[in-house]
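Participant: I am attaching a structure below and will ask some questions about it afterwards.
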Amino acid sequence: MNLQRFMPRPIRKLLSLSKHQLKYEMRSNLWFICVIYALIGMGIAGIAYWIDISMQMGEQAPAFFAAGYDLTSLIVSSLIAGSITLNAFTLNSILVVLTNFSGQFTPRMLVTFISDKRTQHVLGLFNLVFVFILMAFFLIDAEVTTYVAFPILTIFFMFLGLGTFIYFLNHAVKWMQVPNLTLNMKSESQDRILGTLVKDLEPYRTKEPNKSADELTDDDKMYIAADSAGFVQIVDYRRMVSYAESHNLVVKLEKRIGDFVLEGIPVVSYWKKDNTPVDENALRQFIFLGSKKTEVQDIEFGINKLKEIAIKSIGNDDPNTASNAIYQLTDLLLSISKITRFTPYLTDANNDLRIIIEDESFDYYLYAAFAHISIYAKEDPVITNDVLEALSLLTESVAGENHEMCWNFATMIARGYVSPFVFEYNERRFYASLRKISKTTDRLEEYRSLEQELQQRLTPEK
């Protein structure tokens with residue numbers, strides 16, 4: 001009996017995740033690390049209680065380290081107010097700054113900052129200090145005349161809180177610098193998206209399964225519709241492959257990760273190879289819908305974060321930030337091309353076709369990264385040159401099978417640029433990047449024709 005079917009959907013979603021996906025979900029929620037630190041604070045308070053009240057070691061401690069009940073009570077009651085004030089001031093200041101930055105760059109920046117390891121550990125330490133001092137306030141007893149652990153640890157943790165406060169401000173200032181901001185977002189996407197896909201999806205991918213997908217006909221295809229509206233957040237590939245293997249099915253996902261579906265729209269379909277009964281609800285449960293997109297399995301989500309920064313920077317007349325985001329996007333695309341095998345076929349251990357996902361290719365992510373930016377930069381020679389230069393670097397680094405896509409995309413960017421060149425430097429850089437891409441992709445003849453076409457249109461009249 002499958003007990004997961006009777007569990008609440010959020011619990012089933014967590015149980016379906018791999019350890020890498022689960023790690024992402026935990027890091028995306030601030031409460032988890034704060035609860036851990038709070039429990040540590042309670043544990044330390046319990047140790048102090050054992051030392052001071054159960055064992056009454058304060059009476060044996062040197063006079064310099066010992067404190068009476070009145071002094072201990074004064075220390076704890078004073079510092080608990082200071083701890084609350086410090087926490088409130090820190091979080092309020094940071095949230096105000098991050099809100100302003102989110103409006104200037106991307107609203108996803110706040111989530112990225114909260115998910116940062118250093119941010120979470122700092123906020124966890126604040127929580128530990130507050131919980132310990134609060135527990136100390138209630139645990140000290142007037143019947144015990146001398147304390148040693150509670151006063152020393154309370155003062156120590158308050159100094160720790162002050163040190164953490166200074167570190168947190170320094171960390172926040174450095175994190176919000178544009179080069180660090182774009183680098184952190186790119187690194188986060190590489191770690192969370194690519195790391196998850198490599199371990200949870202790529203092992204099942206193959207370009208040549210035993211059974212060809214062309215043999216499957218639409219006449220034998222059975223559709224399963226969504227039972228609610230939302231974004232496709234997670235697909236439990238591992239259990240879906242196992243289910244398809246045990247029931248001798250070929251399953252096709254009708255939507256890709258990140259797509260929005262309405263109730264009643266087909267999200268998955270399947271072909272039966274024999275008369276084994278199929279539980280359509282079980283297949284539907286392998287696909288999790290939610291109210292927003294997440295970065296667990298959605299490669300495009302990570303691309304969109306950096307793309308938003310570049311586009312908003314163009315609108316805010318901030319070319320340096322836009323350029324930085326463009327080059328980080330290039331590095332992310334290179335990682336995707338190296339790690340992901342662009343094939344829609346997932347197989348079992350015997351290489352039998354079990355799942356067909358929506359077809360994807362390198363040019364899909366290339367267009368997702370740069371097409372929107374090039375539209376906004378069609379009258380800006382500096383940003384357009386940055387895109388072409390980044391594309392030339394990418395073309396040199398990716399496999400030869402992607403060269404034609406890079407060249408075609410470069411020609412579209414060049415033809416989409418509309419403003420005549422005012423400065424000769426921008427013009428030289430424009431054609432130099434195109435020439436470099438044409439050499440790498442062996443398209444020199446096409447480049448010469450394209451150069452003549454562009455010069456007739458973009459050379460300013462004298």
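Participant: Whenever you get a sec, compute what percent of the accessible area on the chain sits on carbon and sulfur atoms (1.4 Å probe).
Facilitator: 57 percent
Participant: For a Förster distance of 45 Å, can you work out the FRET efficiency between the beta-carbons of Tyr364 and Leu74, rounded to the nearest 0.05?
Facilitator: For R0 = 45 Å, the calculated efficiency reads 0.10.
Participant: Could you provide, to the nearest whole Å², the per residue accessible area of the stretch 52-116 with probe 1.4 Å?
Facilitator: On a per-residue basis, 54 Å².
Participant: A further question on this structure: Could you state the accessible area per residue of the stretch 389-432 in Å², with a 1.4 Å probe and every protein chain left in place?
Facilitator: I get 48 Å² per residue for this part.
Participant: From Cα pairs below 8 angstrom and at least 6 apart in sequence, can you work out the relative contact order of the chain, rounded to a whole percent?
Facilitator: Averaging sequence separation for qualifying contacts and normalising by length gives 14 percent for the chain.
Participant: Of the beta bridges DSSP finds with both residues in the chain, what % are antiparallel, to the nearest 5?
Facilitator: Percentage antiparallel, nearest 5: 90.
Participant: Accessible area per residue for the stretch 179-240 in Å², computed with a 1.4 Å probe and the full protein assembly in place, what is it?
Facilitator: Result: 47 Å² per residue.
Participant: Between Met42 and Asn180, what is the label-to-label distance in nm when each label sits 7 Å out along the Cα-to-Cβ direction?
Facilitator: Each label point lies 7 Å from its Cα, and together they span 3.4 nm.
Participant: Follow-up. Which pairs, out of Lys305/Lys338; Lys199/Lys292; Lys199/Lys436, put more than 32 Å between their alpha-carbon atoms?
Facilitator: Lys199/Lys436
Participant: Can you give the three extents of the C-alpha atoms in the chain along their principal axes, from longest to shortest, in whole Å?
Facilitator: Dimensions of the chain along the principal axes of its Cα atoms: 92, 75, 34 Å.
Participant: Pull up the cross-link candidates among the aspartates and glutamates for Lys273, meaning alpha carbon to alpha carbon under 13 Å and not fewer than 8 places away within one chain.
Facilitator: Correct list for Lys273: Glu215, Asp220, Glu245, Asp352.
Participant: With everything on Cα atoms, drop me the angle between helix 444-458 and the longest principal axis of the chain, reported from 0 to 90° to the nearest 10.
Facilitator: Helix 444-458 sits roughly 80 degrees off the main axis of the chain.
Participant: Here's something else I'd like to know. Which aspartates and glutamates have a Cα less than 16 Å from the Cα of Lys186, not counting those fewer than 8 places away in the same chain?
Facilitator: Straight-line reach from Lys186, under 16 Å: Asp116, Glu295, Asp298, Glu300, Glu308, Asp331.
Participant: Still on this structure, please answer the following. What percent of all Cα-Cα pairs in the stretch 111-194 falls into each 5 Å bin, going from 0 up to the bin containing the maximum distance?
Facilitator: P(r) over the stretch 111-194, rounded to whole percents: 3, 12, 19, 16, 13, 10, 9, 7, 6, 3, 2, 1.
Participant: Per residue of the stretch 278-288, in order, report the coupling 6.51 cos²θ - 1.76 cosθ + 1.60 (Karplus, θ = phi - 60°) as ³J(HN,Hα) in whole Hz, putting x for Gly and Pro.
Facilitator: Each residue of the stretch 278-288 in turn: 10, 8, 5, 5, 5, 5, 5, 6, 7, 10, 9 Hz.
The values are calculated or read from the model by the stated rules, or taken from the named source; none is laboratory data. Given the structure is predicted, the values throughout are model-derived calculations rather than measurements. We place every Cβ from the backbone using ideal geometry, glycine too, and count neighbours over all the protein chains shown. Note: areas computed on protein heavy atoms with side chains; ligands, DNA, RNA excluded. Shrake-Rupley method; radii C 1.70, N 1.55, O 1.52, S 1.80 Å.
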